[in-house]
1. What is the order of V133, V193, fewest Cβ neighbours within 10 Å to most?
2. Neighbour counts of other C-beta atoms within 10 Å: give me S125, S262 arranged from fewest to most.
3. Based on the alpha carbons, how large is the Rg to Rh ratio for segment 123-183 when Rh follows Kirkwood?
4. So if each residue of separation counts as 0.36 nm, and I subtract the Cα-Cα distance between A155 and Q109, what length gain in nm does that give?
5. Sorting F266, F207, F230 on the 10 Å Cβ count, fewest up front, what's the list?
6. Taking 0.36 nm per intervening residue step and subtracting the Cα-Cα distance, what contour gain separates D247 from E187 on full extension?
7. Viscosity 1.306 mPa s, temperature 10 °C: Stokes-Einstein D of segment 148-189 from its Kirkwood Cα radius, in µm² per second?
8. Could you tell me the largest-minus-smallest coordinate of the C-alpha atoms of segment 144-261 on each of the three principal axes, in descending order and whole angstroms?
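No lab work stands behind these numbers, since they all come straight from the coordinates. This is a predicted model, so every value here is computed, not measured. Cβ coordinates were reconstructed from backbone atoms using ideal geometry, including for glycine residues, and neighbour counts include every protein chain displayed.
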Amino acid sequence: MYRRSNRRRFVFVLLLLTSITLITLDMRGSSSGAIGSLRRGAHDVFAPIQSAADKVIAPVGDFFGGLTRYGHVKSENQRLKARIADLQAHGLVESDAQRQLRELTQLEQLTFAGDLKSIVARVVSTSPSNFQVTVELDKGTAAGIAKGMPVVSGAGLVGRVVEVSKERATVLLITDGESHVGVRFSESGDTGVANGAGARTPIQVGFVNAGTKVTTGEVVTTSGLQDAIFPPGVPVGKVRSAKPAADKLALDVTIEPVVDLSHLEFLKVLTWLPPAGP
């Protein structure tokens with residue numbers, strides 16, 4: 001029995017390491033071919049395990065979060081500590097429920113989405129590698145999600161689906177170095193291209209005419225020009241700075257995302273795809 005248990009553990013660990021390798025391997029390459037198929041399969045195989053782990057870890061995190069606030073009450077007896085921790089944990093759960101309700105309510109009131117149909121999904125993990133700024137959603141092709149679809153929160157643009165399997169979808173965030181979004185300035189109507197530069201780094205906007213009037217704090221939205229990969233009018237960011245480029249022929253503009261990309265939980269995938277090429 002002991003040997004059998006050890007063997008099962010070994011097989012599980014081997015499968016887990018294989019999955020991680022396949023998901024990480026060639027993240028910046030094409031998602032087609034044998035490696036892409038194996039990686040998408042690995043996402044679906046381990047989706048139930050990942051979901052179960054999330055359910056186990058979440059309450060544990062809430063429990064220790066409650067204990068942290070009462071870390072100085074060391075003189076209290078064990079029964080009182082347990083009672084305080086229990087009450088505090090209950091309060092944290094209640095607060096978390098309110099926050100989730102607020103996020104879901106905002107998703108139901110997307111004024112910028114127009115008549116576009118959408119799919120609500122939950123973030124189950126963040127970047128599986130050091131190469132891309134991504135999040136993974138708990139829904140995939142089975143729910144109607146396809147590669148290339150835009151992903152938004154209640155505030156604005158989050159990114160686009162770059163890989164999808166039956167039960168999971170990987171979203172490339174707008175801060176990733178491979179992300180390029182055609183944008184329009186709300187005040188002047190002029191356009192540019194927002195280029196990601198990495199997590200927690202302001203987004204650079206290029207190809208902005210030197211004569212464009214740019215105001216700090218103004219909202220920048222998706223331009224939706226011909227062949228755009230995003231529909232028009234979705235908020236992307238707010239202008240942080242603008243100054244003449246070294247050649248004086250353009251403006252160097254930076255923007256801050258309107259969405260807090262470090263705290264994503266519920267998102268909407270817009271069932272919109274870029275126009276097909278000729």
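1. V193, V133
2. S262, S125
3. Working: Rg = 11.0 Å, Rh = 11.6 Å.
We get a ratio of 0.95 for segment 123-183.
4. 15.6 nm
5. Listing F266, F207, F230 from fewest to most nearby Cβ atoms yields F207, F266, F230.
6. 19.2 nm is the gain from fully extending D247 to E187.
7. Working: Rh = 11.7 Å.
The diffusion coefficient I find is 136 µm²/s.
8. Rounded to whole Å, the extents work out to 49, 28, 25 Å.
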